[in-house]
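Shown next, in structure tokens, is the structure this report addresses.
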2 protein chains.
Amino acid sequence: MTKPPQAGSEDAAAAGLRAIPEASVARLALYLRMLGELAEQGAETVSSDELAGVTGVNPAKLRKDLSYIGSYGIRGVGYEISALVRQLERTLGLDHLQAVALVGVGNLGHALAGYSGFGGRGFPVTALFDVDPDLVGIHINGIIVEHVQAIPQICAERGVTIGMIATPGPAAQGVCDLLVGSGVRCILNFAPVVLQAPPEVEIRKVDLAVELQILAFHVARRRLAQQDGAVLDGQVNGHATNGSGGMLT
Amino acid sequence: MTKPPQAGSEDAAAAGLRAIPEASVARLALYLRMLGELAEQGAETVSSDELAGVTGVNPAKLRKDLSYIGSYGIRGVGYEISALVRQLERTLGLDHLQAVALVGVGNLGHALAGYSGFGGRGFPVTALFDVDPDLVGIHINGIIVEHVQAIPQICAERGVTIGMIATPGPAAQGVCDLLVGSGVRCILNFAPVVLQAPPEVEIRKVDLAVELQILAFHVARRRLAQQDGAVLDGQVNGHATNGSGGMLT
DNA sequence: GCAACTTTGTGCGTGCCTTCACAAGCGACT
DNA sequence: AGTCGCTTGTGAAGGCACGCACAAAGTTGC
């Protein structure tokens, strides 16, 4: 949904800042989390094969992904987890805290505000906004919900770098404009709308209804295929590597 | 994240069931929603350029996407919206209702259960599950929360075709196994875990922390680029598709 | 110190997706 | 009826990503 940039400039490459494919960045974040879990279990090194097994990624692809952030592996041994984690965090910008603003504290927004997976991972939700007078003023997780009008002021005060939009569809574009006007350059959009913004603003979209429709398509495909009596196996997920983490409850 | 299957069989192609690229399916769902909005505004036809503007997609790509489901456009005019919507719904399997089961009625799960975007779009949430005794038995939107143990029985009774997992990470794999054992073949996973399942099961993952980390990467990249004093203007997004639709709210 | 084994890093072929550009088709106007 | 303008549908080219397979590099054992 987000567009693949023809990223990178030469000067940028000279710094530690290489042109990393968008698809790889998404996986790097995944590696980082799994490395965290491995570290908790007491591991000090991982091989690309192990980590690939846990993350469901092809080992070669994984190594190539890691090579984008520099060579931190030891041949014959694997990767030292702590060093790799540090480097990943640096690359993903987690060495600086990212203040997150959440706009729209309705059904979904309320859940996002309370989601522990954010604050625990370096993304403290720093500001909450809504238009509903019944919501403005209440506390969620210790944060006061402010009125949307206060976005410019508060975002500036608290150094917000990432905005999340969880409003109803029709309100989303207006909120987006407000955020962009306040200097926010990265937005995560949950509203079912395609946002328009200047090209320097990075927008990612999470569309739950679309996700379900994609699955519904597969259900339908399967049903039709069965009616046909055609073979048509699914083979979606490739990886049967049950290797390390059984991880039952 | 989900792997592109080497979809399609010849018999399947003979029926209305063509091999549609995974990436296209995702966009088809998007087109469908936007068409719905256009129809509400009273439009009867759209050109590929208009629809492309609204959805932020390249017009040629859009036409190719639509060509996968058959040619329903009229040259010189555009697409008749009602016919196109019908065909899209058929392709995406929305002509049959999809019963959805949601496992994990915690923070996020509760929000998902109450999200009107699902039921309103042909995805009635038909069953809710959790392990927490405080939650089992309560009603959400008129649905009783059942214990996870009841998954096999209830999924069979209610003909569940799609499962959503919104449990904490460690519980997710167990729930996944239960769902798969109950005949569910399509799963939407919100838990921060890579699920292992047989290849015939289609799994999609929505990972909120990863989404934020991807954005954080862009924040970091931007900061580093600025420190460099390098030129490196925005050009992250390609996305200049402001072409036709100003489409302000 | 040498040999055998392990694991990383990467060059390269392959296939999918995107995008351009144009011919074919349809309607409107004269 | 004929012409003109507009829009679809698609062939072909380019780019990106994936994954194989191998050389380079390090470790362990003798």
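For region A:101-116, filtered to residues that are facing chain B (nearest Cβ under 7 Å) and touching a Phe, Trp or Tyr at 6+ places or on another chain (Cβ under 8 Å), the residue that is nearest to A:ASP207 (Cα to Cα) is A:LEU108.
Those helices (runs of 4 or more DSSP H) of region B:45-142 in which 1 or more residues are within 16 Å of DNA strand D (Cβ to nearest atom) and under 27 Å from A:GLN173 (Cα atoms) occupy B:48-55, B:59-68, B:81-91.
The single condition from (1) surrounded by 18 or more Cβ atoms within 10 Å (Cβ to Cβ); (2) more than 11 Å from DNA strand C (Cβ to nearest atom) that A:GLU37 fails is (1). Look at region A:48-77: where a residue is over 19 Å from B:PRO192 (Cβ atoms) and a partner is more than 7 Å from DNA strand C (Cβ to nearest atom) and part of a loop (DSSP other than H, G, I, E, B), sitting 6+ places away or on another chain with Cβ atoms under 6 Å, you get A:TYR68/A:ARG18; A:TYR68/A:ILE20.
Of the residues that make up region A:64-71, is at least one more than 23 Å from A:ALA166 (Cβ to Cβ), β-branched (Val, Ile, Thr) and either away from DNA strand C (no atom under 13 Å from the Cβ) or crowded, with 17+ Cβ neighbours inside 10 Å (or both)?
Kept after step one, since they are more than 23 Å from A:ALA166 (Cβ to Cβ), are these residues of region A:64-71: A:64-71.
Filter again for β-branched (Val, Ile, Thr), leaving A:69.
When the remaining residues are screened for being either away from DNA strand C (no atom under 13 Å from the Cβ) or crowded, with 17+ Cβ neighbours inside 10 Å (or both), the result is A:69.
Yes: one or more hits.
Looking only at region A:174-186, residues that are outside any loop (DSSP other than H, G, I, E, B), within 11 Å of chain B (Cβ to nearest Cβ) and crowded, with 21+ Cβ neighbours inside 10 Å come to 3 in all. Filtering region A:123-145 to residues that are more than 19 Å from B:GLU211 (Cβ to Cβ) and surrounded by fewer than 18 Cβ atoms within 10 Å (Cβ to Cβ) leaves A:VAL131, A:ASP132, A:PRO133, A:ASP134, A:GLY137, A:ILE138, A:HIS139, A:ILE140, A:ASN141, A:GLY142, A:ILE143, A:ILE144.
The set of residues from region B:187-216 being facing chain A (nearest Cβ under 7 Å) and among the basic types (Lys, Arg) comprises just one member, B:ARG204.
Taken together, the values in this text are just the output of simple stated rules run on the coordinates, not laboratory data. If you're wondering where the values come from, they're calculated on a predicted model, not measured in any experiment. Neighbour counts are summed over all protein chains in view; Cβ atoms, including those assigned to glycine, are modelled from backbone coordinates with ideal geometry.
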